[in-house]
Amino acid sequence: MGLWQDLRAGWHTRREAAAVNRRPIPDKLWRRTLKRFPFLSTGDPQDEQQLRRLTSLFLDRKEFSGAHGLEITDDMAVAIAAQACLPVLRMGLGAYDGFVGIVVHPGQAVVQRERVDDDGVVHVVEEELSGETVQGGPVMLSWRDVRASGATAQDGYNVVIHEFAHVLDLADGLPDGCPLLPPQLSKPRWLADMHKAYDEFCRQVGAEEDTELDPYGATGIDEFFAVASETYFTQPDALRRAFAQVYGLLDAYYRPSAGTPGE
């Protein structure tokens, strides 16, 4: 058994090395990406090396397409991939195996939704979306919002992290604000703490209080998890001030202190 495990590990390592070689990120492009999106830098050289490696693997495994004639450049693809890889720096890209496609719109996408009013009448309304995630993909993103992520990080807003938090949340098929958890994290405790914070957040939003998090998080527990996740990576102190328990949950999930970086 040990021999076969060693052989499989060696094969896996060689396969990933080949993928990184197929999709290398030039030094100049990588430095430009980190400068444009400074929240990507944790200050740990090992983390940065791992993020760069995962970004290459992401580019090798996923398929980008531009909507409305948008041409996806290397700068755009690396910007999206690096931000998408930040949440899975420790757990690895296997968390994203459930989808392949990423569709990038020049700006917000206009979609039609059906809404049922209190009398049971169905209305068709238009919504503008900066991003959208559905089970099995693809992930839709507004390039205008992605491009502005370096500036909007000061407000805790990041469309890429938000949508890829939804990908993680949907891994078990349920948009319940609870991703697939490692053994050391308790799902009942996670759900209890997350719902307690969500209820308090909804109260704050309903009372029109100033909030550290985007009020959009009050539209559902799944959106609360996604908004908390983007705040965790862009304005962690704000999340800690607002909901210390949620910060602790996300810290244990996204950046466990034990273990090696994922692949």
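Taken together, the values in this text are just the output of simple stated rules run on the coordinates, not laboratory data. Because the structure is a prediction, the values reported are computed rather than measured. Neighbour counts run over all protein chains shown; Cβ positions are idealised from the backbone, glycine included.
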### Query
Taking neighbour counts of Cβ atoms within 10 Å as a proxy for exposure, in what order, fewest first, do Ile72, Ile25, Ile102 appear?
Ile72, Ile25, Ile102
### Nearest-ten-degree value, helix 187-206 long axis tilted from longest Cα axis of the chain
50
#### Entry: Student exercise, the chain dipole from Lys, Arg, Asp, Glu Cβ charges, in Debye to nearest 20
1580
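Which of the GluC sites (Glu not before Pro) across the range 43-94 are loop residues per DSSP, with 14 or fewer other Cβ within 10 Å?
Of the GluC sites (Glu not before Pro), the ones in loops of the range 43-94 whose Cβ has at most 14 other Cβ atoms within 10 Å are Glu71.
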### Task
Output the relative contact order of the range 69-146, whole-number percent, from Cα pairs under 8 angstrom with separation of 6+ residues.
32
### Helix 74-85 axis, angle to the chain major axis (alpha carbon atoms, nearest 10°)
80
#### Entry: Hits among lysines - C-alpha to C-alpha of Lys187 under 16 Å, sequence gap 8 or more where chains match
Lys196
### Query
What lysines sit close enough to Lys62 to cross-link, taking a C-alpha to C-alpha distance under 29 Å and skipping anything fewer than 8 places away on the same chain?
Lys28, Lys35
### Query
Relative to the first principal axis of the alpha-carbon coordinates of the chain, what is the inclination of helix 45-61, with its axis defined by its Cα atoms, in degrees from 0 to 90 and to the nearest 10?
80
### Message
Over the range 64-214, what is the relative contact order in percent, taking alpha-carbon pairs closer than 8 angstrom and at least six residues apart?
### Response
18
### Query
In percent, how large is the relative contact order of the chain, given Cα pairs closer than 8 Å and 6 or more residues apart?
17
